[in-house]
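See below for the structure under consideration.
The values are calculated or read from the model by the stated rules, or taken from the named source; none is laboratory data. Keep in mind the model is a prediction, meaning the values are calculated, not measured. Here Cβ is always computed from backbone atoms with ideal geometry, including for glycine, and neighbour counts include all displayed protein chains.
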Amino acid sequence: MATQAFDISQLPIVPTAGAGLIGSYLAAMMYGLTVLQTYQYFSRYWGADRTHVYVLVVVLTVLDTFSMACNIHMMWHFLIANYCNPLSLLFADWSTLVSILANGVIGIIVQVFYAYRLWMLSDRKEYIAPIVIVILGIGALVSCNVHMAQLYKHGTFLQVAKLAYLPTMYFSFSIGADALITFGITFWLMRHRNRGMRSSTNDNTIRKLITYTINAGAITTYVPVLGNLGDEFDDSVQIVLRHFVDPLPSDPEFILRFDVCVAFEQVLCELHSRLNAREELRKNRGLVTVNLTTSSTSKTTSYYGTHLEIMKSMSTALKKRKIAVLGSRSVGKSSLVKQFIENHFVDSYYPTIESTFAKSVVYKGVEYDCHIIDTAGQDEYSPINSQYAIGIHGYVLVYSITSRNSFNMIQIVHDKIIDFCGVSKIPCVIVGSKCDLSMSRQVDSTDGERLAKENDCAWIETSAKTNHNVGKVFELCLQEIEKLTAPNQAEPPAKSCTIQ
Ligand SMILES: Nc1nc2c(ncn2[C@@H]2O[C@H](COP(=O)(O)OP(=O)(O)OP(=O)(O)O)[C@@H](O)[C@H]2O)c(=O)[nH]1
């Protein structure tokens, strides 16, 4: 039988899928990074988060993987299995349809998550924006589903021009939700910066969070904006744009571009969320104090700003612990706190007036938002300020092993707090500092241990200089606080007392 010459120009399509191919390569690269982020999340935080957070991360990753597999199949179907068969471009392949749905589901999960995050950031006060975000997210999902159902019903791409309003709706809903998320989160972060505990580390971290939020918002909004506005650009730009995000297509090639672009956008969204993970922000050491807690009694809590981190913040009623560091002058209180928070030792001596630091500490798989108050040194003539008896969960009482006087001050300070608080026991760790100076030792470790035992406190020797046992000090303090905390109680009663 003679083969009929086929005139490709008679087809109601543009027979090129190059745009889809390039888009698939980019999406695959982004997918690889997303998997890497997921791996890092599990290797860093395994055991520290709650089960449902892991489930959520796994579900998102599986959906991402599924979407990527569909994209690869789609490319295989059109470019390899049907090589030299331009007619195949007329018919909707199952993977094209299913990946539209998978991307829609990923989108709604991420948007609902961000709506929840916004609500939490606002101390559960802001309802309107989160509800609008969810409605827009549902709108985007519905547009996706209707689009997929229509394509399935028709079985071919011939009706695609008539259905072009559906991807336009999808893009519009996505832009609305992403823009609202970005503005909402930035607004609340700025509010927290203005009213929260002011310090350069806090401000830096909040600035960083705002930058992340704006970047993530800009990038996740970028593709849909181009999608909707592409036709407005001049010809030269359009040549490029048409290959990625042609908004109102009249040919099936669009489906490839659309699909890949949506996948690309979602993967980017995922990627950015994960890139904003806690380790990066932890480099700032001092943490921010913004209201994100689920506990109504706690006013501030740590906030690392993004996706996975906030998943965790949301999942756990973050436990805030306020710890006061007390002791004689020059025993090394500030050095101890600085070593713990900033990981460095300062040789020079500057008397402290008072500074507060914040840091999250994972202890026994639970993350605590610790606020550490470094106080001015006490002596017989300047006893402790009664403010250190109010709202404090635990105490670190520091003496220097090179100063007998500083050791003797510990009992005085301890009794004073007990007096102030009107209780018989306080969560407390007694710390013998400067243990690297053993040649000048004036206080034996047995004396320290005995004193701690008599007062029912924990005890440890440290050196801020050599970073010996520094982290352990605060772990012990948390341990002492938790001993006095009823099981499942997020907030132990901070010592609030009548001053006698
Ligand atoms: N060798 C040694 N020196 C230390 C150590 N910790 C602190 N110092 C030194 O002790 C001096 C006082 O340290 P600070 O941390 O300022 O003491 P402080 O208790 O905060 O002093 P106030 O602010 O007056 O209460 C500084 O010169 C520190 O370098 C340590 O572990 N080993």
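Of note:
- Boolean, residue 140 is of a type in the set (A, V, I, L, M, F, W, C), assigned to a helix (DSSP H, G or I) and at pLDDT 75 or above: yes
- Meets criteria (touching a Ser or Thr at 6+ places or on another chain (Cβ under 6 Å), on the phi < 0 side of the Ramachandran plot, within 16 Å of the ligand (Cβ to nearest atom) and modelled with pLDDT of 80 or more) for residue 373: yes
- Meets criteria (in a loop (DSSP other than H, G, I, E, B) and touching a Cys at 6+ places or on another chain (Cβ under 9 Å)) for residue 466: yes
- Criterion (polar (S, T, N, Q), within 12 Å of the ligand (Cβ to nearest atom), modelled with pLDDT under 85 and assigned by TED's automatic domain parsing to the domain that holds residue 474) met by exactly one of 330, 355: 355
- Within region 361-372, the set of residues being of a type in the set (Ser, Thr, Tyr) and crowded, with 21+ Cβ neighbours inside 10 Å comprises just one member, 368.
- In this entry, residue 398 passes the filter for residues that are modelled with pLDDT of 80 or more, near the ligand (Cβ under 10 Å from one of its atoms) and assigned to a strand (DSSP E or B).
- Flag for residue 436 being among the acidic types (Asp, Glu), away from the ligand (no atom under 16 Å from the Cβ), modelled with pLDDT of 90 or more and more than 17 Å from residue 327 (Cα to Cα): no
- If the condition is being closer than 17 Å to residue 480 by Cα, of a type in the set (A, V, I, L, M, F, W, C) and assigned to a loop (DSSP other than H, G, I, E, B), then region 428-461 contributes only 457.
- Any pair with Cβ under 6 angstrom, 6 or more apart, that starts in region 422-440 at a residue that is without any contact (Cβ under 8 Å) to a residue 40 or more places away in the chain and ends at one that is assigned to a strand (DSSP E or B) and more than 16 Å from the ligand (Cβ to nearest atom): 430/459
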